[in-house]
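Asker: For reference, the structure I am asking about is given below.
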Amino acid sequence: MNSKINHIKLLLVFFTVVFSSCKSTLVAQKPYVLEVDNYKHYVDYFNTMEDENIAKAIPNDSAWSWMKTNIPLFECPQQNFEEMYYFRWWSLRKHITNTPQGYAITEFLVDRSYADKYNLIACALGHHIYEFRWVHNPEFIEQNVKLWFRGNDGGRMKKLMNFSSWTADALYNRYLVNKDDKFLLDMYPDLVSEYAQWEIDRGRTDGLFWQIDVKDGMEESLSGGRHVQNVRPTINSYMFGNAEALSKIAAIKGDKKNEVYFTNKAEKLQNLVETRLWNPKDEFFETMTEKDTSSNVREAIGFIPWYFNLPEKNKGFEKAWAQVKDEQGFSAPFGLTTAERRSPRFRSHGTGTCEWDGAVWPFATSQTLTAMANVLNNYSQDVVSEDDYFKQMNLYVESQYYRGRPYIGEYLDETTGYWLMGDRERSRYYNHSTFNDLMITGLVGLRPRADEKIEVNPLIPQDKWDWFCLDNVLYHGAIITILWDKTGEKYNKGKGFKIFRNGQEIASSEKLEKLVSE
């Protein structure tokens, strides 16, 4: 009976959203090439993997109903990629929580003592927004964001600013997917206020920002400590991204004063990060200590500036990316480490206290892969290639298994792939990273943009897969389908690489290459 009630509730919410005024839901939502029920077997399998001791707004028996009406579909010849794609949607759905104030998105399924009300933790809010921007029903993430900013008697939740934030950037990038300026402008005053509060709480007189590593969600780091007020590439890149986003939102609103104000903020931070945090000897962005000296250690947070396209082009900063291919740098058998492996302090803090001294964290992996996709799309360089990106995405997929079953947890050993808290209930289904956003915007390569052109730049090597299809992507109010069919025999739409809008072909190529619709 509870299953039927939940299913009815989901359908009511879905139809309410479909006929709402939001631009992202103005069209009938259906795939044009893939058959949705062909992927139900994944959910049937995932549901058998556990006893579902914790069920929230959408329990396992309603998971497929939720997924078939909310997610883009994907298939490819490499089965583990396909399985992980559906697993990550299935596990993401577990974190949608009903509260008296609307939907909330949790990080842990189990209650944490340091969480805000409704067991909310702000650390991965940016990741949640980036991942949920592809979910058809906008209410889940919108209600969660409003809860964070207005759920405390109309004001911010008490622990919203317990962790560094790139929320303004994430919400603007969500807008690039759905073009819902109404929600974005509604949140604009809250985001401006949040930026000002960060300047008060963490700003320095020189314009940079400081943070202790635990408040970045990255405790026990090689460059810092739980009480050390260092100038980290994290918060400074986040604030650059937020400033750029706020400038663009101000332009949408017609707020010329703030458009200029935040443009200047972004330009100043860009210059400061490039001149103060770049270590020319190490050719890397590194943490600056409380004494304003370089920490002289490469950490994965040095890639974060590219998450926001902060480093200027043609200045040589891309040299840093050589470290993702270096086994003494960040390249390990099970993914990208959080600190360089050549450091004598690598993995020196023990295990079990959330160490960021070298182990592989999906939080950092998804940040680095987002940044790498930006480098491959937006910079002219020959340091990394699509082969390097695919290799790391492949390792990311392979790492997300535990005892032979799909799994996402906190962090893992870089050489064995063993999940370091895998037997702790708190680690299971840890909602602290992105995956499907990487699949959509990185691997398949749909690059959200403000105009109405559709840009797709796949980072799949030409001869890796003979076919793949991403379908049912709700983008700018239309359903987008992207497919590659080397022989034309898989999908019967002709040979080559093609983009469709609402079932109509709008761009094609004989090769797997960047396409931009007219």
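Asker: Could you list, in sequence order, the residues of the stretch 278-289 that are part of a loop (DSSP other than H, G, I, E, B) and in contact with a strand residue (DSSP E or B) (Cβ under 6 Å, 6 or more places away or on another chain)?
Answerer: Matches in the stretch 278-289: GLU286, THR287, THR289.
For (1) under 26 Å from the mean Cα position of the chain (by Cα); (2) surrounded by fewer than 22 Cβ atoms within 10 Å (Cβ to Cβ); (3) of a type in the set (Phe, Trp, Tyr), each residue gets a yes or a no:
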{"position": "ASP292", "(1), (2), (3)": "no, yes, no"}
{"position": "LYS313", "(1), (2), (3)": "yes, yes, no"}
{"position": "GLU327", "(1), (2), (3)": "yes, yes, no"}
{"position": "PHE334", "(1), (2), (3)": "yes, yes, yes"}
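Asker: Quickly run through the stretch 463-476 and pick out the residues that are open to solvent by 10 Å² or more (accessible area, probe 1.4 Å) and at positive phi.
Answerer: Across the stretch 463-476, the qualifying residue is only HIS476.
Asker: Considering only the stretch 175-207, how many residues are of a type in the set (A, V, I, L, M) and either open to solvent by 10 Å² or more (accessible area, probe 1.4 Å) or farther than 20 Å from LYS146 by Cβ (or both)?
Answerer: Here the count works out to 5.
Asker: Further, regarding this structure: Could you identify the single residue in ARG426, ARG449 that is open to solvent by 20 Å² or more (accessible area, probe 1.4 Å) and part of a loop (DSSP other than H, G, I, E, B)?
Answerer: Being open to solvent by 20 Å² or more (accessible area, probe 1.4 Å) and part of a loop (DSSP other than H, G, I, E, B) holds for just one of ARG426, ARG449, which is ARG449.
Asker: Output the residue which, of all residues in the stretch 64-115 that are closer than 20 Å to ASN472 by Cα and basic (Lys, Arg), is farthest from the chain's Cα centre (by Cα).
Answerer: So the residue we want is LYS68.
Asker: Which of the numbered conditions does GLU318 fail, given that it passes all the others? Conditions: (1) assigned to a helix (DSSP H, G or I); (2) closer than 23 Å to ASP216 by Cα; (3) under 23 Å from the mean Cα position of the chain (by Cα).
Answerer: Against the list (1) assigned to a helix (DSSP H, G or I); (2) closer than 23 Å to ASP216 by Cα; (3) under 23 Å from the mean Cα position of the chain (by Cα), GLU318 comes up short only on (2).
Asker: If you don't mind, another one. Inside the stretch 278-290, can you point out the residues that are buried (at least 20 other Cβ atoms within 10 Å of the Cβ) and either of a type in the set (Ser, Thr, Tyr) or without any contact (Cβ under 8 Å) to a residue 40 or more places away in the chain (or both)?
Answerer: TRP278, PHE284, THR287
Asker: Please state which of the following conditions GLU139 fails to meet, knowing it meets all the rest: (1) surrounded by fewer than 21 Cβ atoms within 10 Å (Cβ to Cβ); (2) more than 19 Å from the chain's Cα centre (by Cα).
Answerer: (2)
Asker: For GLY404, all conditions in the list (1) open to solvent by less than 10 Å² (accessible area, probe 1.4 Å); (2) under 24 Å from ASN60 (Cα atoms); (3) among the small types (Gly, Ala, Ser) hold save one; what is the number of the exception?
Answerer: (1) is the only condition that GLY404 fails.
Asker: Turning to a different aspect of this structure: Do you know which of the residues in the stretch 173-209 that are touching a residue at least 40 places away in the same chain (Cβ under 8 Å) and not in a helix (DSSP H, G or I) is farthest from TYR475 (Cα to Cα)?
Answerer: ASP206
Asker: Given the options TRP134, TRP148, name the one that is buried (at least 18 other Cβ atoms within 10 Å of the Cβ), part of a loop (DSSP other than H, G, I, E, B) and of a type in the set (Phe, Trp, Tyr).
Answerer: TRP134
Asker: Quick check, is SER165 in a loop (DSSP other than H, G, I, E, B) and either of a type in the set (S, T, N, Q) or buried (at least 21 other Cβ atoms within 10 Å of the Cβ) (or both)?
Answerer: It is true that SER165 is in a loop (DSSP other than H, G, I, E, B) and either of a type in the set (S, T, N, Q) or buried (at least 21 other Cβ atoms within 10 Å of the Cβ) (or both).
Asker: What is the number of the single condition among (1) within 14 Å of PHE390 (Cα to Cα); (2) open to solvent by 20 Å² or more (accessible area, probe 1.4 Å) that ILE460 does not meet?
Answerer: That leaves (2) as the condition not met.
Asker: May I pose another question? Condition first: hydroxyl-bearing (Ser, Thr, Tyr) and buried (at least 17 other Cβ atoms within 10 Å of the Cβ). Now tell me which residues in the stretch 38-60 satisfy that.
Answerer: Result: TYR39, TYR42.
Asker: Where the second residue is open to solvent by 20 Å² or more (accessible area, probe 1.4 Å) and part of a loop (DSSP other than H, G, I, E, B) and the first is aromatic (Phe, Trp, Tyr) and lies in the stretch 94-115, which pairs have Cβ atoms under 8 Å and are six or more apart or on separate chains?
Answerer: That search, which allows pairs on different chains as well, returns TYR114/LYS159.
Asker: Can I ask one more? For the list (1) more than 14 Å from LEU446 (Cα to Cα); (2) open to solvent by less than 70 Å² (accessible area, probe 1.4 Å), I need the number of the one condition that ILE482 fails.
Answerer: It fails just one condition, (1).
Asker: If you don't mind, another one. Just one of the numbered conditions (1) aromatic (Phe, Trp, Tyr); (2) under 16 Å from THR365 (Cβ atoms); (3) open to solvent by 10 Å² or more (accessible area, probe 1.4 Å) is not true of PHE317; which one?
Answerer: (2)
Asker: Please list, ordered by residue number, the strands (runs of 3 or more DSSP E) wholly in the stretch 56-130 having 3 or more residues that are closer than 29 Å to TRP484 by Cβ.
Answerer: 73-75
Asker: Also: Can you name the number of the only condition in (1) open to solvent by 20 Å² or more (accessible area, probe 1.4 Å); (2) outside any helix (DSSP H, G or I) that THR275 fails?
Answerer: Of the numbered conditions (1) open to solvent by 20 Å² or more (accessible area, probe 1.4 Å); (2) outside any helix (DSSP H, G or I), the odd one out for THR275 is (2).
Asker: Looking at TRP210, is it open to solvent by 10 Å² or more (accessible area, probe 1.4 Å) and either within 28 Å of ILE454 (Cβ to Cβ) or under 24 Å from the mean Cα position of the chain (by Cα) (or both)?
Answerer: So TRP210 passes the test.
The values are calculated or read from the model by the stated rules, or taken from the named source; none is laboratory data. Predicted model, so just to flag it, every value in this text is computed and none were measured. All Cβ positions, glycine included, derive from the backbone under ideal geometry; neighbour counts span all protein chains shown. For the accessible areas, the whole protein counts, side chains as well, though only heavy atoms, and no ligand, DNA or RNA atoms are used. Shrake-Rupley method; radii C 1.70, N 1.55, O 1.52, S 1.80 Å.
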